[in-house]
1. For the range 201-218, which positions are open to solvent by 40 Å² or more (accessible area, probe 1.4 Å) and either within 23 Å of ALA105 (Cβ to Cβ) or in contact (Cβ under 8 Å) with a residue 12 or more places away in the chain (or both)?
2. In the set LEU26, LEU31, which member is assigned to a helix (DSSP H, G or I) and crowded, with 21+ Cβ neighbours inside 10 Å?
3. If I ask for residues that are in contact (Cβ under 8 Å) with a residue 24 or more places away in the chain and not in a helix (DSSP H, G or I), which ones from the range 74-102 would you list?
4. Please specify each residue of the range 122-144 satisfying the condition of being out of contact with any Gly (no Cβ under 6 Å at 6 or more places or on another chain) and over 13 Å from MET198 (Cβ atoms).
5. Give the residues of the range 170-185 that are in a helix (DSSP H, G or I) and open to solvent by 20 Å² or more (accessible area, probe 1.4 Å), sorted by residue number.
6. Step by step: first the residues of the range 134-164, then only those that are of a type in the set (D, E, K, R) and within 15 Å of VAL87 (Cα to Cα), then the one that is least open to solvent (accessible area, probe 1.4 Å). Which residue is that?
7. Is it the case that the range 85-103 has a residue that's over 18 Å from the mean Cα position of the chain (by Cα) and open to solvent by less than 30 Å² (accessible area, probe 1.4 Å)?
Amino acid sequence: MSQHIVSSFDRDLEAVQAMVVKMGGLVEAQLLDAAQALETRDEELAETVRGRDKAVDKLEEQINEEAARLIALRSPAASDLRVALSVIKISGSLERVGDYSKNIAKRTQVLSQMPTISGSAGAIRRMAQAVEAMLKDAIDSYIQRDENLAADVRSRDIEVDQMYNALFREFLTYMLEDPRNITACMHLHFIAKNIERMGDLATGIAEQVIYLVTGEMPDEDRPKSDSVTLDKVED
């Protein structure tokens, strides 16, 4: 009977972790599609990204409910409790990435009616691709319980920070050169900042993996580039 209970718990835990992996795939697609919609000024794709956010939200809700049920009914041991808690934290981070992708899509629909800022959409797409790769590797490190891959994701956050800082300075130059660029550049800045924050969230997922494997959060502060920003930043 005891073995049967353990097997049932393991199956339930695997099921909820599979939901996290599914959520990760959805969120990765959301980010790439949002960046593509921005670059190609595809308002229809941007609207699709906005509509799919509900599926991401629903998955987070299901994951939280199932993880809470497991904790309440199974009273898991320390290692299994870490897994159950990690899925709640990771799904929360993924949901925030989905929200940022939706925000990018909303701004894309506004920017499509404005003059193009040369080279900006391509630069933002490259930044989004870097963050999507971090997200993918963070989820892979979770699946594989790969502490080294998680540490690699964590170290790459500084590259995203540097991309953001370069974009911020570029937008500032455009705004100083021609005040008519201010509105578009402000929207683009907020998009870049959203993507930079997605990098932070991917890093947070990687740190959860390290905690899951070792039982301890990383001691040293994560590498960060000095960030420049405007006073107001949208979540």
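The values are calculated or read from the model by the stated rules, or taken from the named source; none is laboratory data. Please read these numbers as outputs of a predicted model, since none were measured by experiment. Cβ coordinates were reconstructed from backbone atoms using ideal geometry, including for glycine residues, and neighbour counts include every protein chain displayed. Note: areas computed on protein heavy atoms with side chains; ligands, DNA, RNA excluded. Shrake-Rupley method; radii C 1.70, N 1.55, O 1.52, S 1.80 Å.
1. Hits for the range 201-218 are TYR211, VAL213, THR214.
2. Residue meeting the stated conditions: LEU31.
3. Passing the criteria: only PRO76.
4. GLY122, ALA123, ARG125, ARG126, ASP137, ASP140, SER141, TYR142, ILE143, GLN144
5. GLU170, LEU172, THR173, TYR174, MET175, LEU176, GLU177, PRO179, ARG180, ASN181, ILE182, THR183 - these are the residues of the range 170-185 that are in a helix (DSSP H, G or I) and open to solvent by 20 Å² or more (accessible area, probe 1.4 Å).
6. ASP140
7. no
This table checks each residue for (1) out of contact with any helix residue (DSSP H, G or I) (no Cβ under 6 Å at 6 or more places or on another chain); (2) assigned to a helix (DSSP H, G or I).
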| position | (1), (2) |
| --- | --- |
| THR116 | yes, no |
| TYR164 | no, yes |
| PHE168 | yes, yes |
| HIS187 | no, yes |
| GLY204 | no, yes |
